[in-house]
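Colleague: Sharing a structure here in structure tokens format.
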Amino acid sequence: MKLLNLILKKLTDEIKLTYFALILSALNFILFHYPFYDFVFNNLDCKSLNGITIISSLVVTMLIANAFVFYLIVYLMRTVGRILLVVFFTINSIAVYFINTYHIIVDEGMIGNVFNTNYAETSSFFSLKILLYLFFMGIIPSIYIIKAKIKKVAVKRFLITSSAALLFIIIMIFANAGNWLWIDKYSGQLGGLAMPWSYSVNIPRFYIQKHKQNRKEILLPDAKIKDRQKAVVVLVIGESARKQNFSLYGYHKNTNPLLSKTENVFHFDATSCATYTTAGVKCILEHTSSNELYEILPNYLYRNKVEVVWRTSNWGEPPIHIEHYQSHDYLKQLCEGEECDYDEILLNGLKDQILASSQNKILLILHTSTSHGPTYSKKYPPHFETFKPVCNSVELSKCTQEELINAYDNTIVYTDYILHRIIESLKELNEYQSTMIFVSDHGESLGEKNLYMHGMPMSIAPKEQYEIPFIVWVSDGSRKLKAFDHLSQGHVFHSVLNFLSIESPVYNEELNIFE
Ligand SMILES: [Zn+2]
């Protein structure tokens with residue numbers, strides 16, 4: 001009791017700003033940097049002298065550098081500075097919850113995922129554990145930040161302290177020159193785990209990037225429709241579907257009971273260009289892999305008189321400028337029945353939509369969300385629960401690997417059914433040459449190497465996150481497929497142009513899968 005009183009008294013006493021900054025820096029270190037040092041320990045030889053030097057320098061530099069920044073913030077901005085620190089601790093607590101639970105790294109791509117996530121997805125992450133993180137690591141330190149009584153600092157004192165801290169940091173950086181290579185090699189991961197700098201740096205970076213992408217797309221040269229043959233392409237963009245869980249690709253569980261029995265279905269090995277949705281979808285739709293925003297497939301074909309329909313239960317696509325952009329909410333109004341709560345909603349009235357068109361060439365793009373985690377078991381109707389038991393928790397590491405994979409595999413069974421239904425609809429359109437192309441935006445980790453979901457930087461991503469299915473069906477007597485060992489998402493654009501007999505200066509025969 002006495003001890004507690006003493007601590008309380010100490011905490012409510014007036015305190016020097018230097019100490020206040022050091023206490024917060026220590027708290028920031030203890031509460032939020034377990035994942036950071038876990039990564040460091042896993043990627044360093046901790047028993048070597050060099051390893052010990054790096055780790056101790058990182059700890060000391062981090063403590064002093066953060067204390068220095070906190071000191072500056074509070075000295076220069078006073079109340080606003082304290083509010084900023086409260087914001088840091090609050091966001092840190094949530095970020096560390098996600099890092100610990102999903103083994104993610106808060107880099108620019110992950111920030112993109114967060115800002116492109118709509119409420120439905122966010123609420124599926126909600127759990128009691130996140131509230132505990134928020135309370136103990138965010139709110140309690142925040143109370144101290146607001147309540148602490150800080151002594152006034154004279155300008156001279158401020159200048160001396162700041163210069164000393166800055167000098168110390170510079171000396172540490174140069175003393176560690178021999179370790180720059182190691183730090184540079186892992187800078188993405190280290191930066192993504194250092195709080196609060198991961199999101200403070202990557203949120204502005206994300207917006208700068210987004211701003212760049214929002215500039216006007218670069219128009220492609222005009223295209224010409226070569227013939228009057230009626231033709232339709234249904235391009236299905238998969239979400240987090242990974243190749244290895246499709247029995248078409250040799251998976252030991254039968255996740256493709258329908259497609260495996262359908263004629264004219266072909267599958268290719270393929271890799272995605274990235275491990276997150278916005279980048280993967282962009283790669284599927286562009287004519288060349290580029291950081292620039294060129295006119296994407298639907299916009300290009302729509303401008304050149306092809307009937308284009310975009311139906312989506314997902315998000316994160318580049319800006320689409322077409323007449324028939326059909327969002328989930330729009331489709332929901334027209335749909336009745338249990339299946340409207342799942343991705344089958346994208347198929348509602350599909351055939352009629354094609355038949356209603358006055359154009360000879362039609363491109364239908366279905367952007368699905370079927371295998372999006374973490375709640376795989378909520379992505380398919382109950383009667384598709386083929387493999388049991390399934391994981392129902394949003395904290396993936398709480399489920400057994402088997403439960404998690406069962407739930408995921410059921411989403412693949414449901415995907416199999418959806419693709420099968422599309423093919424059945426297309427088969428009824430006798431007047432049309434038709435094809436269905438299914439490509440995933442990226443893969444998914446299901447606990448391998450203790451990783452979950454997706455979004456790892458491509459340079460260190462495991463193959464589960466980028467080995468994707470690329471499945472093609474062609475109608476009888478329409479086209480044959482070339483032999484390919486391996487495809488990329490870049491093959492979609494040119495294959496669609498070829499199938500619809502569209503002549504374009506940007507067309508690349510090497511990236512066309514049709515004979
Ligand atoms: Zn995705």
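The values are calculated or read from the model by the stated rules, or taken from the named source; none is laboratory data. For clarity, every value in this text was computed on a predicted model and none was experimentally measured. So basically every Cβ, Gly included, is an ideal-geometry build from the backbone, and we count neighbours across all protein chains shown.
Colleague: Please indicate, with yes or no, whether at least one residue in the range 22-36 is surrounded by fewer than 16 Cβ atoms within 10 Å (Cβ to Cβ), of a type outside the set (D, E, K, R) and modelled with pLDDT under 90.
Modeller: No, every residue in the range 22-36 fails to be surrounded by fewer than 16 Cβ atoms within 10 Å (Cβ to Cβ), of a type outside the set (D, E, K, R) and modelled with pLDDT under 90.
Colleague: Just to verify a result, which residue in the range 450-485, among those that are at negative phi, within 15 Å of the ligand (Cβ to nearest atom) and assigned to a loop (DSSP other than H, G, I, E, B), is modelled with the highest pLDDT?
Modeller: The qualifying residue modelled with the highest pLDDT is Y466.
Colleague: Follow-up. Is at least one residue of the range 488-508 within 19 Å of G250 (Cβ to Cβ), in a loop (DSSP other than H, G, I, E, B), of a type outside the set (K, R) and out of contact with any helix residue (DSSP H, G or I) (no Cβ under 6 Å at 6 or more places or on another chain)?
Modeller: So far as the range 488-508 goes, no, none of its residues is within 19 Å of G250 (Cβ to Cβ), in a loop (DSSP other than H, G, I, E, B), of a type outside the set (K, R) and out of contact with any helix residue (DSSP H, G or I) (no Cβ under 6 Å at 6 or more places or on another chain).
Colleague: Could you check the range 146-162 and list, in sequence order, the residues that are of a type outside the set (S, T, N, Q), surrounded by 10 or more Cβ atoms within 10 Å (Cβ to Cβ) and in a helix (DSSP H, G or I)?
Modeller: I146, K147, R157, F158, L159, I160
Colleague: Name the residues in the range 303-335 that are part of a helix (DSSP H, G or I) and either within 16 Å of the ligand (Cβ to nearest atom) or outside the structural domain of E239 (by TED's automatic domain parsing) (or both), would you?
Modeller: The one that is part of a helix (DSSP H, G or I) and either within 16 Å of the ligand (Cβ to nearest atom) or outside the structural domain of E239 (by TED's automatic domain parsing) (or both): H328.
Colleague: What's the number of the condition L346 fails, among (1) surrounded by 15 or more Cβ atoms within 10 Å (Cβ to Cβ); (2) under 24 Å from N430 (Cα atoms); (3) more than 16 Å from the ligand (Cβ to nearest atom); (4) not β-branched (V, I, T)?
Modeller: (3)
Colleague: Could you list, in sequence order, the residues of the range 362-389 that are of a type outside the set (F, W, Y) and away from the ligand (no atom under 16 Å from the Cβ)?
Modeller: Hits for the range 362-389 are I362, L363, L364, S377, K378, P381, P382, H383, E385, T386, K388, P389.
Colleague: Sticking with this one: Specify the residue that is surrounded by the most Cβ atoms within 10 Å (Cβ to Cβ); the eligible residues are those in the range 457-474 that are touching a helix residue (DSSP H, G or I) at 6+ places or on another chain (Cβ under 6 Å) and within 22 Å of T368 (Cβ to Cβ).
Modeller: So, considering only residues that are touching a helix residue (DSSP H, G or I) at 6+ places or on another chain (Cβ under 6 Å) and within 22 Å of T368 (Cβ to Cβ), the one surrounded by the most Cβ atoms within 10 Å (Cβ to Cβ) is I468.
Colleague: Hey, among the residues in the range 231-273 that are part of a loop (DSSP other than H, G, I, E, B) and either of a type in the set (D, E, K, R) or modelled with pLDDT under 95 (or both), which one's farthest from the ligand (Cβ to nearest atom)?
Modeller: E263
Colleague: Name the residue, out of I73, I83, I130, I143, that is of a type in the set (V, I, T), within 22 Å of F39 (Cβ to Cβ) and either part of a helix (DSSP H, G or I) or at pLDDT below 90 (or both).
Modeller: Only one candidate passes the filter, namely I130.
Colleague: Separate question: Could you tell me whether any residue of the range 128-137 is assigned by TED's automatic domain parsing to the domain that holds F98, among the basic types (K, R) and more than 19 Å from K16 (Cβ to Cβ)?
Modeller: So far as the range 128-137 goes, yes, one or more of its residues are assigned by TED's automatic domain parsing to the domain that holds F98, among the basic types (K, R) and more than 19 Å from K16 (Cβ to Cβ).
Colleague: When you look at V439, is it modelled with pLDDT of 95 or more, buried (at least 23 other Cβ atoms within 10 Å of the Cβ) and more than 16 Å from the ligand (Cβ to nearest atom), yes or no?
Modeller: Spelling it out, it is not the case that V439 is modelled with pLDDT of 95 or more, buried (at least 23 other Cβ atoms within 10 Å of the Cβ) and more than 16 Å from the ligand (Cβ to nearest atom).
Colleague: Could you pull out the residue among N314, N299 that is at pLDDT 95 or above, among the polar types (S, T, N, Q) and closer than 29 Å to F206 by Cα?
Modeller: N299
Colleague: Give the range 209-250 a look and list any residue that's of a type outside the set (D, E, K, R) and exposed (fewer than 11 other Cβ atoms within 10 Å of the Cβ), or say none.
Modeller: Selection gives H211, I218, P221, G250.
Colleague: Looking for something aromatic (F, W, Y), outside any helix (DSSP H, G or I) and either at pLDDT 95 or above or more than 21 Å from the chain's Cα centre (by Cα) (or both) - is there at least one such residue anywhere in the range 288-296?
Modeller: yes
Colleague: Looking at this structure, is L426 modelled with pLDDT of 95 or more and under 30 Å from V114 (Cα atoms)?
Modeller: Against the criterion (modelled with pLDDT of 95 or more and under 30 Å from V114 (Cα atoms)), L426 does not qualify.
Colleague: Let me ask another. Looking only at residues in the range 275-287 that are among the hydrophobic types (A, V, I, L, M, F, W, C) and at pLDDT 95 or above, which one is surrounded by the most Cβ atoms within 10 Å (Cβ to Cβ)?
Modeller: Once the filter is applied, the top-ranked residue is I284.
Colleague: So, Y302, is that one crowded, with 17+ Cβ neighbours inside 10 Å and free of Cβ contacts under 8 Å to residues at least 60 places away in the same chain or not?
Modeller: Considered against the rule, which asks whether it is crowded, with 17+ Cβ neighbours inside 10 Å and free of Cβ contacts under 8 Å to residues at least 60 places away in the same chain, Y302 comes out as yes.
Colleague: A further question on this structure: Against the condition touching a residue at least 60 places away in the same chain (Cβ under 8 Å) and either among the aromatic types (F, W, Y) or away from the ligand (no atom under 16 Å from the Cβ) (or both), how does L285 come out, does it pass?
Modeller: The answer is no for L285.
Colleague: Determine which single condition T101 fails, assuming it passes every other condition in (1) at pLDDT 90 or above; (2) surrounded by 17 or more Cβ atoms within 10 Å (Cβ to Cβ).
Modeller: Among (1) at pLDDT 90 or above; (2) surrounded by 17 or more Cβ atoms within 10 Å (Cβ to Cβ), T101 violates only (1).
Colleague: Among the numbered conditions (1) away from the ligand (no atom under 16 Å from the Cβ); (2) in a helix (DSSP H, G or I); (3) farther than 17 Å from V234 by Cβ, tell me where N392 comes up short.
Modeller: Among (1) away from the ligand (no atom under 16 Å from the Cβ); (2) in a helix (DSSP H, G or I); (3) farther than 17 Å from V234 by Cβ, the lone unmet condition for N392 is (2).
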